[in-house]
Each structure stands twice: as C-alpha cells, then as structure tokens.
Amino acid sequence: MKREKIIEGMKMGIVAEAGLIAHGRGEAFDYLLGEKTVLEADLAEKIAAYHLLLAKNPVVSVNGNTAVLVPDDMIKLSEIIPAKLEINLFYRNEERVKKIADLLRDHGAKEILGENPDAEIPGLDHKRALCTKEGTIEADVIIIPLEDGDRASALKKMGKTIIAVDLNPLSRTSKAADVTVVDDVVRALPKMISYIEEIRKKEESEDMMKSGIADFNNSDNLEKILNRMGKKG
Ligand code: PTJ
C-alpha cells in the first residue's frame, strides 16, 4: 500500500522521481528491522516528543514522500504540539509545492508555510535553500522526516535541534541529527503523537523531560540499531 501511494503520488506530480528511489532504500532497511518499531526507535520517538514539547518554535517539515504517506499524521502532529507546518522540498518546483499544499489543505491543514518563501538556508543552492523566516529560520527544533543529507547538515550548521526520521542509520541525515528515529515514518509519527499525549497525561515536568534528553546519546542509539540490523531485527 505504501509503494502504491508513492507511485500514485509521483504520477500526480507530488512525489519527486528520486522519492521512488528513496522509498526503495527505506524498504530495504525496514526489512532488516523486521518491519517493526524496535526498542531504540521507540526511545528516540519519546526523546523527540520531549524536544517538541520543550521547543519554543517547533517546525514540522513536509516533503513529497511524507505528503502522500502521512498527511494526516503530519497535520495532527503539528496541531497537538503545536508546531508550524512547512513545505520544504529538495527537488523544489512551484507546481509541486502548490500540489502538496492543496493536498494538505484537503486533509484539513489550516496554516501551511512554504508556498511563499522569504528566506534561504545558508550554504545550499538557491532552490534547495528556499524556506520561510517564520518557519525554518526561526525554528529552534525542526522535525525532518526523509531528509536529504545536505539540507540536514545545513540546518544543523544553523544551530537547530534536528529530529530526523530515517530508516537508514548510516545516512548523513541520521548522523547529523540530534535525535534520529530509525523507523518507518508511517509508524514513527503516530508513536510520537501518542508519546506527546502520554507525557502530557502523566504531567511529566520540564526537568524530567530535560533529564531524559540529557541521558540520550544519538550515536550510541544508532550503533545499537546497526548491530540489531546485522542480526536481522
Ligand atoms: O520531495 P522532495 O523534493 O523534498 O524530495 C524528497 C526525497 C526523499 C526524495 C529527498 O529528500 C531525498 O533525496 O532524500 P534522500 O537523501 O533519499 O533520503 C531519504 C531517506 O529516507 C533515505 O535514507 C531512506 O532510507 C529514508 N526513507 C525512505 N522511506 C522512508 C525512509 N525513512 C523512514 N520512513 C520511510 N517510509
């Protein structure tokens, strides 16, 4: 079903051609995880929820793949945090931005950034750099599911706290991020949403969240996942 959504999304002009290849790479890594959320991913999802809850100006970044795979979850996540929803494309063209924005609006998104970019991420070529001041530039925490390594590294250089969702634990994005969720985005976003709800219900204090973040080591977590992949899930 995921594959069909991606193919259909490409035919509709929402998913980039490279999005198909990216999806195939994701599937291969997911097989090595046993197509389930492993313990280390679950931990990263909880730490990501802490970061998002503590953030002053969090941003949820949407691209072609995530727009077709998880539109409702992206919108829900941005609403419950609350965080800004911004379309940020690696293979940017205005027609695709518009189609993604329309799709998100059809799914109920009220405010979407990225259609009228007014800023650039330093260090990237013009189209890839386009973003908004209100979103990416002012963000302290940014969640970037299925992000390209150049953009992830450029965001890190800007001093952002980065939450990546990437099934490849060896990617440059995974290594650049503060928290890397090595899980399929279709499982990762609902889990983060549940963690946010649970943390709120339990009334976890800011200190508890900060100490959870301080105890988390992203490189160690990635190393554990790689070992797990070697042993097949
Ligand atoms: O829509 P655009 O123009 O912004 O382009 C989006 C893509 C994904 C094409 C672009 O950002 C790109 O080229 O990304 P990369 O460098 O291919 O990285 C995408 C990463 O996401 C790869 O490491 C994949 O393994 C991983 N991935 C693919 N599908 C999933 C995934 N991770 C989590 N869940 C998935 N479903």
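The values are calculated or read from the model by the stated rules, or taken from the named source; none is laboratory data. Because the structure is predicted, anything quoted here is derived from the model rather than measured. Ideal geometry is used to build each Cβ from the backbone, glycine not excepted, and the neighbour counts take in all protein chains shown. These accessible areas exclude ligands, DNA and RNA; they are computed on the full protein's heavy atoms, side chains included. Shrake-Rupley method; radii C 1.70, N 1.55, O 1.52, S 1.80 Å.
Could you tell me which residue of segment 1-26 is farthest from the chain's Cα centre (by Cα), considering only residues that are closer than 25 Å to Ser194 by Cβ and either without any contact (Cβ under 8 Å) to a residue 60 or more places away in the chain or open to solvent by 70 Å² or more (accessible area, probe 1.4 Å) (or both)? That would be Met1. Restricting the search to helices (runs of 4 or more DSSP H) fully inside segment 144-233 and requiring at least 3 residues that are away from the ligand (no atom under 13 Å from the Cβ) and either more than 27 Å from Ile75 (Cα to Cα) or open to solvent by 60 Å² or more (accessible area, probe 1.4 Å) (or both) gives 185-201, 206-215, 218-230.
Entry remark, segment 120-143: residues being open to solvent by 20 Å² or more (accessible area, probe 1.4 Å) and either assigned to a strand (DSSP E or B) or touching a Phe, Trp or Tyr at 6+ places or on another chain (Cβ under 9 Å) (or both) number 4 in total. Exactly one residue out of Ile14, Ile21 is touching a Lys or Arg at 6+ places or on another chain (Cβ under 7 Å), near the ligand (Cβ under 10 Å from one of its atoms) and β-branched (Val, Ile, Thr), and it is Ile14.
Residues of segment 61-89 being in a helix (DSSP H, G or I) and either more than 25 Å from Val15 (Cα to Cα) or touching a Phe, Trp or Tyr at 6+ places or on another chain (Cβ under 9 Å) (or both), which ones? Across segment 61-89, the qualifying residues are Gly64, Ile80.
Annotation: of all residues in segment 121-137 being out of contact with any Lys or Arg (no Cβ under 9 Å at 6 or more places or on another chain) and modelled with pLDDT of 95 or more, the one that is nearest to Leu54 (Cα to Cα) is Ile137.
Screening Ile137, Ile193, Ile142, Ile162 for residues that are touching a strand residue (DSSP E or B) at 6+ places or on another chain (Cβ under 8 Å), touching a residue at least 40 places away in the same chain (Cβ under 8 Å) and not polar (S, T, N, Q) leaves exactly one candidate, Ile142. Could you count how many residues in segment 67-92 are within 24 Å of Ile47 (Cβ to Cβ), within 13 Å of the ligand (Cβ to nearest atom) and in contact with an Asp or Glu (Cβ under 9 Å, 6 or more places away or on another chain)? Selection size over segment 67-92: 3. Quick check: is even one residue across segment 50-60 hydrophobic (A, V, I, L, M, F, W, C), surrounded by fewer than 23 Cβ atoms within 10 Å (Cβ to Cβ), more than 13 Å from the ligand (Cβ to nearest atom) and not in a helix (DSSP H, G or I)? Looking for residues that are hydrophobic (A, V, I, L, M, F, W, C), surrounded by fewer than 23 Cβ atoms within 10 Å (Cβ to Cβ), more than 13 Å from the ligand (Cβ to nearest atom) and not in a helix (DSSP H, G or I), one finds at least one in segment 50-60, hence yes.
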